Amino acid sequence: MILKSHDHAMSETIWIVSKYLPEEYTVQYYTIESGEKIGVVTVRYDQADNTSTRVAVTYKYIGLSESGNRFIEQFAKQGYDDFIGEWDVLLKAYFG
């Protein structure tokens, strides 16, 4: 897989933790890209077995401009699988 510029690397983004529920293994963020889009990212974890963890990530976006709306349209139609697959590559590279 060739890594592309992951979306949040494309512009200055403000990340705000909106929920932190460690007892439920859940965290939720707001991402704000001025003039582009607002996103809500929810991450939930659970133990898949004794050696691995399952992670569920959901994204909701609101476009603030034509370019933000184009991102959302592309993301919804074809980009999500690539976007999520890139996280797998990035996390494995980071944690080695």
(request) Give the number of residues within the stretch 33-44 that are surrounded by 15 or more Cβ atoms within 10 Å (Cβ to Cβ) and either in contact (Cβ under 8 Å) with a residue 40 or more places away in the chain or in a strand (DSSP E or B) (or both). (result) 8
(request) Any residue in the stretch 52-68 that's at pLDDT below 90: show its pairings with residues that are loosely packed, with under 11 Cβ neighbours inside 10 Å and of a type in the set (A, V, I, L, M, F, W, C) at Cβ separation under 7 Å, as long as the two are six or more apart or on different chains. (result) 54/48
(message) Can you tell me which residue is surrounded by the most Cβ atoms within 10 Å (Cβ to Cβ) among those in the stretch 1-32 that are among the small types (Gly, Ala, Ser) and at pLDDT below 95?
(response) 11
(request) Being polar (S, T, N, Q) and outside any helix (DSSP H, G or I) is the filter here, so list the residues in the stretch 48-96 that pass it. (result) 50, 51, 52, 53, 58, 65
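The values are calculated or read from the model by the stated rules, or taken from the named source; none is laboratory data. Computed from a prediction, not measured in an experiment: that's the story for all the values here. Here the Cβ is made from the backbone with ideal geometry for all residues, glycine too, and neighbour counts use every protein chain on show.
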